[in-house]
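Asks: Structure incoming, see below.
The values are calculated or read from the model by the stated rules, or taken from the named source; none is laboratory data. If you're wondering where the values come from, they're calculated on a predicted model, not measured in any experiment. Don't worry about glycine lacking a Cβ; one is built from the backbone with ideal geometry, like all the others, and counts go over all protein chains shown. All accessible areas refer to the heavy atoms of the entire protein, side chains included, with ligands and DNA or RNA removed. Shrake-Rupley method; radii C 1.70, N 1.55, O 1.52, S 1.80 Å.
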Amino acid sequence: MNSTNNAGGEGRSPVLEVVRASLPRRYRAEARFKAYGIIALVLALSFLGLLLTSIISNGYTAFQQTYMQLEFNLDAEVVDPDGDGSEASLRAGNYLAVVRNSLYDLFPEVTSRSERRALSSLVSTGAMYQLQNMVLADPSLVGQTIQMWVPADDDVDMYRKGRISADVPEGERRLSDKQLGWIDAMAARDRLELKFNTALFTNGDSRDPELAGILGALKGSFYMLLVTLILSFPIGIAAAVYLEEFAPKNRWTDLIEVNINNLAAVPSIVFGLLGLAVFLNYFGMPRSAPLVGGLVLSLMTLPTIIIASRAALKAVPPSIREAALGMGASKMQTTFHHVVPLAMPGMLTGTIIGMAQALGETAPLLMIGMVAFIVDVPQGFTDPSTALPVQIFLWADSPERAFVERTSAAIIVLLGFLLVMNLLAVFLRRKFERRW
């Protein structure tokens, strides 16, 4: 009898003995690999949680803004200097004096020039514009005394939100002890209140944090993404269909494919340099315009769409093509009547992922002048504008403490848009996905 088949174990195979001896070591290696994977996953989730916690804890307060209730005496001699009630006269009114006088009336004991200056700094400069717009909309208010909620200065807002502590020595904070006393006195009279910060979503950029908003950046991003979608989607799909279904397999098409794959890995700032050299310097297109930004982002997004679309076309079983050709369909009919419709979910998913990548890009936009400080909200594709990631970059560089929370709030909005776009990609893939 063969010794390897000896059930008593005396004649076991040396190979079997080696395998059995190595089993504990292999099991330990497998356990270590699983442990490393779990540790890596926990670390990644921890860092992600830390990042999101930091952003949300810093940014959620920006969705509220401190407002101040004041009584404004719209004296005709101050707000209507010409006395004719015309729009020009009402625009020339001294609304800053109206706002300051309303504060002086609240604290009549404040008489010195320095104290009055400190008191008037508690209200935002946006109050006089708000008052002016109200009078222009309803000139009958001239001569009346009205009560209105106006935005407080950003330092008052920070103090009310606990970002400025009264326990810090007076020389180390932006508000003096007297200013803190006036703020506490107004809060005791219910003249200070936290309201939803509509200005964050309805205003453009501003040097004053309490007046700064993301509407201009949002519209700039929208126009850029629209240009990017209009250009990159049809061109990317057409290139993918040609390369995958019609192009002859030779070294030229291989060279094109390799370059497309390499373009997907090129740093985005290189596309910005290309846009600066070609679109601005050579063609003379307007600087800081969403049109130029969309052209640059289209160049950056095209490789992603082409690669994703080619992968979707390859996933269509060859039997579909063979069946269509067997029924007498031409190559073009087979491609556009059967292959492309079946690959379209994958193409749309790749396009949305490419658009989400474009939405979050900053570096190429800096090279074409979209980092400029622009207050007005763009009304078209050629108006000067900025984009949401660039707006975040600008606010993050601002020294005021109030811009820190607005930076985090803008990041939250940007992450929300990216999350929605990724969820849309997942929805489209699951809804139209075909399995064979």
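Asks: With springs connecting C-alpha atoms under 10 Å apart, model the chain as a Gaussian network and identify which of Leu96, Leu16, Leu418 has the largest mean-square fluctuation.
Replies: Leu16
Asks: Give, rounded to the nearest 20 debye, the magnitude of the charge dipole that the stretch 61-188 has about its Cα centre when Lys and Arg contribute +1 at Cβ and Asp and Glu contribute -1 at Cβ.
Replies: So the dipole magnitude of the stretch 61-188 works out to roughly 400 debye.
Asks: Cα axis of helix 251-263 to longest principal axis of the chain: angle in degrees, 0 to 90, nearest 10?
Replies: 40
Asks: Figure the gain on full extension for Leu366 and Ser176 (residue separation times 0.36 nm, minus the Cα-Cα span) and round it to one decimal in nm.
Replies: 64.5 nm
Asks: Could you order the peptides 156-165, 142-151, 103-112, 381-390 from most to least packed, using the average number of other C-beta atoms within 10 Å per residue? If you can, show how the numbers build up before the last one.
Replies: Numbers: 156-165: 18.8, 142-151: 15.3, 103-112: 12.5, 381-390: 22.7.
Put in order of decreasing packing, that is 381-390, 156-165, 142-151, 103-112.
Asks: Across the stretch 209-350, how large is the tail of the calculated P(r) beyond 20 Å, expressed as a percent of all Cα pairs?
Replies: That tail contains 58 percent of the Cα-Cα pairs.
Asks: Under a Cβ-only charge scheme (Lys and Arg +1, Asp and Glu -1), can you give me the dipole magnitude of the stretch 290-436 about the Cα centre, in debye to the nearest 20?
Replies: 960
Asks: Considering only protein heavy atoms, what per residue accessible area in square angstrom results for the chain with a 1.4 angstrom probe? Intermediate values should be presented prior to the final figure.
Replies: Numbers: 23550 Å² over 436 residues.
With all protein chains present, the chain gives 54 Å² per residue.
Asks: Something else now. List, in order, the whole-Hz ³J(HN,Hα) value for each residue of the stretch 30-35 obtained from phi through the Karplus relation with A = 6.51, B = -1.76, C = 1.60 and θ = phi - 60°; use x for Gly and Pro.
Replies: Using θ = phi - 60°, the values come out as 5, 5, 5, 4, 5, 5 Hz.
Asks: Let me ask another. For Ile374, what residues show an amide H to amide H distance below 5 Å, using hydrogens built from the backbone and excluding near sequence neighbours?
Replies: Those lying under 5 Å, H to H, from Ile374: there are none.
Asks: Using only Cα atoms, find the angle between the long axis of helix 340-359 and the longest principal axis of the chain, and express it within 0 to 90 degrees, rounded to the nearest 10.
Replies: Roughly 40 degrees between the two axes.
Asks: Still on this structure, please answer the following. Take the eigenvalues of the Cα gyration tensor for the stretch 1-154, scale each by 5, and report the square roots as semi-axes in whole Å, largest first. All intermediate terms of the calculation are to be shown ahead of the outcome.
Replies: Values: eigenvalues 1474, 57, 18 Å².
After scaling each eigenvalue by five and taking roots: 86, 17, 10 Å.
Asks: Right, here's the next one. Eigenvalues of the Cα gyration tensor times 5, then square-rooted: what semi-axes does that give for the stretch 137-238, in whole angstrom, largest first?
Replies: 41, 23, 10
Asks: Ignoring any ligand, DNA or RNA, what whole percent of the accessible area of the stretch 297-343 comes from carbon and sulfur when the probe is 1.4 angstrom?
Replies: Ligands and nucleic acids excluded, carbon and sulfur give 68 percent.
Asks: Given the alpha-carbon gyration tensor of the chain, what are the semi-axes of its equivalent ellipsoid in whole angstrom, ordered largest first, with each equal to the square root of 5 times an eigenvalue?
Replies: 61, 35, 18
Asks: Taking +1 at the Cβ of each Lys and Arg and -1 at the Cβ of each Asp and Glu, which of Ser89, Ile237, Ile320 sits farthest along the dipole of the chain towards its positive end, judged by Cα position relative to the Cα centre?
Replies: My answer, from the dipole projection, is Ile320.
Asks: Subtract the Cα-Cα distance of Gln357 and Gln379 from 0.36 nm times their separation in residues, and report this length gain in nm to one decimal.
Replies: 5.5 nm
Asks: Please give the charge dipole size of the chain, origin at the Cα centre, charges +1 on K and R Cβ atoms and -1 on D and E Cβ atoms. Round to the nearest 20 debye.
Replies: I would put it at about 3020 debye.
Asks: Computing the accessible area with a 1.4 Å probe over protein heavy atoms, can you report the carbon and sulfur percentage for the stretch 143-230?
Replies: 52
Asks: Note the full-extension length gain between Asp105 and Phe417 as 0.36 nm times their separation in residues minus their Cα-Cα distance, in nm to one decimal.
Replies: Full-extension gain reported as 107.7 nm.
Asks: Same structure, new question: Could you order peptides 325-336, 263-274 by the average number of other Cβ atoms within 10 Å of their residues, highest first?
Replies: Result, highest mean first: 263-274, 325-336.
Asks: Does anyone have the angle between helix 177-188 and the longest principal axis of the chain? Alpha-carbon axes, 0 to 90°, nearest 10?
Replies: The angle comes out near 90 degrees.
Asks: Let me ask something else. For the stretch 184-260 and the stretch 94-112, write down the distance between their C-alpha centroids in whole Å.
Replies: 44
Asks: Turning to a different aspect of this structure: If you plug each phi of the stretch 45-61 into the Karplus form 6.51 cos²θ - 1.76 cosθ + 1.60 with θ = phi - 60°, what whole-Hz ³J(HN,Hα) values come out, in order, with x for Gly and Pro?
Replies: Working through the residues one at a time gives 5, 5, 5, 5, x, 5, 5, 5, 5, 4, 5, 5, 5, 7, x, 5, 6 Hz.
Asks: Here's something else I'd like to know. With θ set to phi - 60°, apply the Karplus curve 6.51 cos²θ - 1.76 cosθ + 1.60 along the stretch 148-164 and write out the HN-Hα couplings as whole Hz, x wherever there is a Gly or Pro.
Replies: 3J(HN,Hα) across the stretch 148-164, in whole Hz: 8, 8, 10, x, 7, 4, 5, 5, 5, 4, 5, 5, 5, 8, x, 7, 10.
Asks: Let me ask something additional. Using the Cα gyration tensor of the stretch 41-93, with a ≥ b ≥ c the square roots of its eigenvalues, what is the shape: rounded (a/c below 1.5), prolate (a/b larger than b/c) or oblate (neither)?
Replies: Details: a/c = 10.85, a/b = 4.34, b/c = 2.50.
Since a/c reaches 1.5 and a/b is larger than b/c, the shape of the stretch 41-93 is classed as prolate.
Asks: Where is the GNM fluctuation largest for the chain (alpha-carbon springs, 10 angstrom cutoff): Met347, Met300, Met285?
Replies: Met285
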